[in-house]
Every structure is written in structure tokens, then in C-alpha cells.
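Down below is the structure, laid out as C-alpha cells.
What follows is calculated from the coordinates using simple rules that are stated; it is not laboratory data. Note that this is a predicted model, so its numbers are computed, not measured. Heads up, the Cβs are rebuilt from the backbone with ideal geometry, glycines too, and the neighbour counts pull from every protein chain shown.
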Ligand code: SF4
């Protein structure tokens, strides 16, 4: 299942890229800017401010999923058993069902339309998420289909996935962009649920295979943004011999709105990390022989 396709991106790999977002992730990072990418099932956005009061959603609600109240339309999420009932029902797009099953043929037709842009810019397709390797069969089939058509591929991954799923894609995925959030196993586990042992193991195996990596470190306030933690992360990255570039990705809270549209709380502060603050980290990484980039 996918939750978004974004065309003409110039981030997340070289050149002009189409980003394909896989739905579902084994981690639960509280700063995640794509909360709709976490669940492997359909999600439902409800943006009350867009509501024009037509009551189409109430009419479609057999179990009282949407109801009228003194404050306008209210959503009773616990009653929603089948979100697809509400797909395309709202003329004001106040309700959006997130998630779409992969239709390989249709998707390939869409991707091929941009082949000229990919070839001219050195771009291609990047699989993102969620966690693309959490749907290994779908990822492999899609990557193979794209490579067969002479289009370059990249994957953005947390690497907390079974090695076999990664290994199967070697040769059909050209670029690995690895989101490395921390190297302190306890802190990583507590904050995100991720198993650093598995991440490290996969990184070492990719190093043994001489697969070059772009490592992306999200710089998160109160989690890894202090000099001690960041030095540890940089030291670990510099110990790998296959890192093409280390990128520092400043935290932002742009996903905050999505949380409220999903009926969830966003627990991180609003704002961003100043890119200038990251210069010190980048300078340290350079002394360790790493090529660096701030912002991805
Ligand atoms: S269908 Fe959309 S616009 Fe109409 S009442 Fe429901 S939320 Fe509001």
C-alpha cells in the first residue's frame, strides 16, 4: 500500500525524482512528519475547517461515524470500521482517505511519463515512506520493473529491517539513503522502538558488499542535537568505509497539522533547528574525512 506519490522532487537522491511513499513503518518516531505513513492500513484525515456542512458524510455514516453537533460535524473514529466508505464522499475535501493499493501497471505507466526528465537530470525514482522494506515483495517487484525500463532507483530507509529483504534488492536499487537517528541503542529504542543491533548489522553487511551509502541524520531537539550525541553518531558513521555523504537533516514541525487531522497529539515543539547550528557538526564530520551536506 502507498500513501503518496510526489513528482519533480529535487531531494532524496540525485536529479529530478519521483518519490513513492510506502505506507507502514516498524518505528514510531514522535517527531515523524508523515504520521499517515506509520500504519499499514488506511487512515482518515478530517479537516473540520474545510467543511461546508453538506452532510454527505452523515448520510453515509451507518454506524454514526460522522454526526452533526452544536459545533458542526464531529467524527467518531472508534466507530470507523471501513474508512473506504468515506473515500471521495466529501465535496470540500474535508475528509480524505489515505492509502492506496499498489497497481503496478498503472504506476509504471505514470512513472514512464517522466523518463525524459529523469534521463536529462540524472534522476529517477526514490522509494520512501513509512518504511519501504516493510513491504519487501512489493518493493522488489516495483524496483525490478523500474530498473528494467532503464530508470535509476533509490530507497530511503531506517535499515531496521531483515537483512534478506535488503539483500534481495542489491542490484535493482542504485542508491541507499539511510536515516540514522542515533547510535545509542537504549536511547534509540526508547524514543523510536528501533533496534540498533539490526541497523548496525545491516550497515556492516552493506559495507562488506561495498555498497555506497548516503547517511542522513535527522537532528532532533532533546534527542540527538547535543554535541556529545552528535559526535558519537559522526564517529560511528566515519568508521564505515562505504559512506558517500553524511547529511544533517534539521528537525521541523511541518507535519503537525496532519496529527490534528488524524485526531492525534503532536508532542514535539513547533519550529525548526537553525541550519547554522549544524555547521559545527558538519565541520567535525569533515575532520573525520566525511563529505557533508546540511538539509539533504
Ligand atoms: S461531507 Fe465534507 S463538507 Fe459535507 S458535511 Fe461532511 S465534512 Fe462537511
> If the label point is 7 Å along Cα→Cβ of residue 115, which residues in the stretch 123-159 have backbone nitrogen under 12 Å from it?
Replying inline: 146-152
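Given contacts defined as C-alpha pairs under 8 Å and at least six residues apart, what's the relative contact order of the stretch 206-256, whole-number percent?
55 percent
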> Does anyone have the angle between helix 196-208 and the longest principal axis of the chain? Alpha-carbon axes, 0 to 90°, nearest 10?
Replying inline: 50 degrees
> How big is the gap, in Å, between the Cα center of the stretch 115-161 and the Cα center of the stretch 1-53?
Replying inline: 16 Å
>> Take residue 76 and residue 253, extend 7 Å from each Cα along the Cα→Cβ direction, and tell me the distance between the two endpoints in nm.
In response: 3.3 nm
> Which order do 181, 50 fall in if you start with the one that has the fewest other Cβ atoms within 10 Å?
Replying inline: 50, 181
> Which residue fluctuates the most in the chain, going by a Gaussian network model with Cα springs under 10 Å, if the choices are 11, 252, 182?
Replying inline: 11
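When the helix-only estimate is applied to the chain (DSSP H runs of n ≥ 4, each -39,500 (n - 2.57), divided by the residue count), what is the mean residue ellipticity at 222 nm, nearest 500 deg cm²/dmol?
Taking each H run of at least 4 residues, the total per residue is -8500 deg cm²/dmol.
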> Taking only C-alpha pairs under 8 Å that are 6+ residues apart, what is the relative contact order of the stretch 43-98 in percent?
Replying inline: 46 percent
> When Rg is the radius of gyration of the Cα atoms in the stretch 1-124 and Rh is its Kirkwood radius, what does Rg/Rh come to?
Replying inline: 1.07
> For the chain, what is the largest minus smallest coordinate of the Cα atoms on each principal axis, given in angstrom and ordered from greatest to least?
Replying inline: 62, 44, 32
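May I ask you to derive the relative contact order of the chain, considering only C-alpha pairs under 8 Å and at least 6 residues apart, and to give it as an integer percent?
Rounded, it is 19 percent for the chain.
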> When the chain is modelled as a GNM with alpha-carbon springs shorter than 10 Å, which of 246, 264, 177 fluctuates the most?
Replying inline: 264
>> If neighbour count is taken as other Cβ atoms inside 10 Å, put 245, 63 in order from fewest to most.
In response: 63, 245
> In the stretch 43-98, if every C-alpha pair distance is counted and binned at 10 Å from zero, what percent goes to each bin?
Replying inline: 26, 65, 9
> Nearest-5 percent of antiparallel DSSP beta bridges in the chain?
Replying inline: 35 percent
